[in-house]
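Worksheet: one structure, shown below.
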2 protein chains.
Amino acid sequence: MKLAFIGLGVMGGPMAGHLAKAGHSVTVFNRTRSKVQAWAAQYGGTVADTPAEAARSAAIVFSCVGNDEDVRAVTVGKNGAFAGMMKGAVFVDHTTASARVAVELYEAARARDLHFLDAPVSGGQSGAEQGILTIMVGGDAAAFDTAQPVMKRYGRAVTLMGPAGAGQKTKMVNQICVAGVIQGLAEGLAFALRAGLDGKRVIEVISKGAATSWQMENRGPTMIDDKFDFGFAVDLMRKDLRIAMDEARTNGAALPLTAVIDQFYSRLQARGSGRLDTSSLIRLLRDK
Amino acid sequence: MKLAFIGLGVMGGPMAGHLAKAGHSVTVFNRTRSKVQAWAAQYGGTVADTPAEAARSAAIVFSCVGNDEDVRAVTVGKNGAFAGMMKGAVFVDHTTASARVAVELYEAARARDLHFLDAPVSGGQSGAEQGILTIMVGGDAAAFDTAQPVMKRYGRAVTLMGPAGAGQKTKMVNQICVAGVIQGLAEGLAFALRAGLDGKRVIEVISKGAATSWQMENRGPTMIDDKFDFGFAVDLMRKDLRIAMDEARTNGAALPLTAVIDQFYSRLQARGSGRLDTSSLIRLLRDK
């Protein structure tokens, strides 16, 4: 199938790579030209000069960029993909962005006889590399049915959650839950250390029961070791929590502790730790 | 082996039952006489009139009672077990209590040539019934080695965490982590419902990734259904969080969000919901 992929960062690069490896004909675009050359050298796709050009003959156009403004730029912006796409083609946005921009672009696409799916992912860089991402999709069922088999090349679970924006909203729920888990874990493990307990033995024991979580099993030991140079960056978490809190202003949901945790992340950024994993939250409680 | 068990509540009853079923000779004591008769009718043990009498010829005496004061009463109180125990015998307390009372009774026991282990459990009523509790133990290794094989009758994981009080401190870490997980889950799922998402489908999707937890998998769906007449009661959680926060005053750990979550639980109690499962926290965010 003729495909296009816009945005070859740490997520988009390997995702587009899975499509090329599966035998699809992939045309790519990336703002930073050097990245796109390296990608093409590895996977052999075609390089385009603009999103519009990349999208020209593609049945499905994918993007994985930074934020709302970047998504608007590569779709409805100057030389954006929408201008180049064939009627009936599907645009799939993997960026974690607002539900508002998803609805806006869904409607802009429809006005041009195009389809738009918001499809943020979870699973991080290693999930993208291994092709086992969780993909939460919002939009029309027909467009989903077209894109879903292709997304399966890098997604283990690809689920239509509802109409336009529902994918983004599901990702927000995910991040709200993660924030609470990590904060509880940070308070619990910092307490364990102050109490003179062997932190790793505590994790081993309590991870067998009702306190356990993916974060406890995968980040607990590194929190004890004060190691955070991997994983999901504080800067990205703050971006995601802002999106969730903005959406909560619209839907009326209360996020009392998420809002406080976001402030703790703000402190980490102010300390120059924005690129560390979110589990570095424990540092604020350990005076590290 | 000759054993004694003090406190036949929803946890102690089935725990003592596992010991009797394993062929141990178990003498039991319970403050409420009717409970002890029902237990003896089911398991055939001997009934004692006081903790001291129950403990008379036991190699290990177990207790599972309500709080610090109850533990003191059945050990060093009038007709308490310590007065009846043979020299060298081991007292194992399964109550979730303070680390302070654990250290105090460890020392009182030593002064009488007895041994004391603090051994709070997690896994709840169903864990006790199925004999698959997690048991976190503080005290001396020799006493632990005596009691550990017997505790295995109702414990899947029985671990010595450190000196007297270390079992209680580990249980505190467990509860702090649980509090954060449930709060994040409550905020996330309440947000999902306000956002018009299908709550159960959201759980299905995000429980495959980094947001997942025992609580999400086991309590998420019932939170969506607003069902809370089972599980671990808010009243017990508040008791446990008070113990943890008292300990934090001693060891200097900061529990900023745990303290706020405790206040949310206070609101549930004030509404007469103290006996509902801790996951009912979501009700405060759903106006239920």
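The values are calculated or read from the model by the stated rules, or taken from the named source; none is laboratory data. Quick caveat: nothing in here was measured; it's all calculated off a predicted structure. Cβ: placed from backbone, ideal geometry, glycine included. Neighbour counts: every protein chain shown. Note: areas computed on protein heavy atoms with side chains; ligands, DNA, RNA excluded. Shrake-Rupley method; radii C 1.70, N 1.55, O 1.52, S 1.80 Å.
Rolling a 1.4 angstrom probe over the protein heavy atoms, how many square angstrom per residue are accessible across region A:2-162?
Here the residues of region A:2-162 average 39 Å² of exposed surface.
Mind giving me the nanometre distance, one decimal, between the label points for residue A:242 and residue B:235, set 7 Å out from Cα along Cα→Cβ?
Inter-label distance under the simple model: 4.7 nm.
Okay, helix-only estimate at 222 nm for chain B: each DSSP H run of n ≥ 4 adds -39500 (n - 2.57), divide by all residues, round to 500 deg cm²/dmol; what do you get?
-16000 deg cm²/dmol
When chain B is modelled as a GNM with alpha-carbon springs shorter than 10 Å, which of B:203, B:135, B:60 fluctuates the most?
Ranking B:203, B:135, B:60 by mean-square fluctuation puts B:203 first.
Quick one: with label points 7 Å out along Cα→Cβ, list the inter-copy distances for residue A:230 in nm, shortest first?
3.8
Provide the percentage of antiparallel DSSP beta bridges, counting only those with both residues in region B:95-196; round to the nearest 5.
Roughly 35 percent of the DSSP beta bridges within region B:95-196 come out antiparallel.
State, as an integer percentage, the relative contact order of region A:169-286 based on alpha-carbon contacts under 8 Å between residues 6 or more apart.
Across region A:169-286, relative contact order equals 39 percent.
What ³J(HN,Hα) values, in whole Hz, does the Karplus curve 6.51 cos²θ - 1.76 cosθ + 1.60 give for region B:180-194 when θ = phi - 60°, with x put for Gly and Pro?
Per-residue couplings from phi come out as x, 4, 5, 5, x, 5, 5, 5, x, 6, 5, 4, 4, 5, 4 Hz.
Once fully extended, how much extra length lies between residue B:249 and residue B:37, figured as 0.36 nm per residue of separation less the alpha-carbon to alpha-carbon distance?
Contour length minus the Cα-Cα distance gives 72.1 nm.
Provide an ascending nm list, one decimal, of label-point separations from residue A:246 to the equivalent residue in each further copy; define each label point as 7 Å from Cα along Cα→Cβ.
So the distances to the same position in the other copies read 4.7 nm.
Find the all-direction average of the projected area of the Cα convex hull for chain A, expressing the result in square nanometres with one decimal place.
Taking a quarter of the hull surface, the average projection is 15.5 nm².
Report the A-B buried area as the accessible area lost on both sides summed, probe 1.4 Å, in Å² to the nearest 100.
4700 Å²
Straight-line reach from residue B:35: which lysines have Cα under 23 Å away, leaving out those fewer than 8 places along the same chain?
Filter leaves B:2, B:21, B:78.
Cut-off under 20 Å on the C-alpha distance; same-chain residues fewer than 8 positions from residue A:288 excluded. Which lysines are left, in chain and number order?
Here the lysines satisfying the reach criterion relative to residue A:288 are A:200, A:227.
Which FRET efficiency value, to the nearest 0.05, is calculated for residue A:156 and residue B:225 with the Förster distance at 30 angstrom and r the Cβ-Cβ distance?
0.65
Give the nm distances, rounded to one decimal, from residue A:49 to the matching residue in every other copy, measuring between label points 7 Å along Cα toward the beta carbon; shortest first.
Reported distances to equivalent positions: 10.2 nm.
Alpha carbons only, please: Rg and Dmax for region B:81-238, in angstrom.
Reported Rg and Dmax, both Å: 19.5, 65.
For region A:169-286, what is the convex hull volume of its Cα atoms per residue in Å³?
In region A:169-286, the Cα convex hull volume per residue is 100 Å³.
Express in % the proportion of alpha carbon pairs of the protein assembly as shown at distances exceeding 38 Å.
Everything past 38 Å amounts to 39 percent.
Please work out how much accessible surface residue B:85 shows to a 1.4 Å probe, ignoring ligands, DNA and RNA, in Å² rounded to 10.
20 Å²
Quick one: if the Förster radius is 41 Å, what FRET efficiency do residue A:76 and residue A:130 give, using the C-beta to C-beta distance and rounding to 0.05?
With R0 = 41 Å, the Cβ-Cβ based efficiency is 0.80.
Would you look at the GNM of chain B, springs on alpha carbons closer than 10 Å, and say which of B:234, B:181, B:205 moves the most?
Comparing B:234, B:181, B:205 in a Gaussian network model of chain B, the most mobile one is B:205.
Could you size up the charge dipole of region A:189-252 around its Cα centre, putting +1 on the beta carbon of Lys and Arg and -1 on that of Asp and Glu, and report it in debye to the nearest 20?
Result for region A:189-252 is approximately 140 debye, rounded to the nearest 20.
For helix A:214-224, report the angle its Cα long axis makes with the longest principal axis of the Cα atoms of chain A; keep it between 0 and 90° and round to the nearest 10°.
With both axes taken from Cα atoms, the answer is about 50 degrees.
At 1.4 Å probe radius, can you tell me the per residue accessible area of region B:169-286 in Å²?
37 Å²
Given springs between every Cα pair under 10 Å in a Gaussian network model of chain A, which of A:105, A:114, A:257 has the largest fluctuation?
It is A:257.
Explain nothing, just the number: relative contact order of chain A, from Cα pairs under 8 Å at least 6 residues apart, as a whole percent.
Rounded, it is 13 percent for chain A.
Closest beta-carbon to the B-to-A rotation axis: which chain B residue owns it, and what is the separation in whole Å?
B:213, 2
Angle between the Cα long axis of helix A:141-151 and the longest principal axis of chain A, 0 to 90 degrees, nearest 10?
The helix A:141-151 is inclined about 70 degrees to chain A.
Helix A:99-111: angle to the longest alpha-carbon principal axis of chain A, degrees 0 to 90, nearest 10?
On a 0 to 90 degree scale, this one is about 10.
For residue A:115, what accessible surface area do you get with a 1.4 Å probe? Give it in Å², rounded to 10.
Accessible area of residue A:115: about 70 Å².
Going by Cα centres, region A:21-70 and region B:270-288 are how many Å apart?
50 Å
Using a 1.4 Å probe on the protein chains only, how many percent of the accessible area of the protein assembly as shown belongs to carbon and sulfur?
48 percent
What list of ³J(HN,Hα) couplings, whole Hz, do you get for region A:42-54 from phi and the Karplus terms 6.51, -1.76, 1.60, once you set θ to phi - 60° and write x for glycine and proline?
Going residue by residue, I get 7, 10, x, x, 9, 9, 10, 8, 9, x, 4, 5, 4 Hz, with x marking Gly and Pro.
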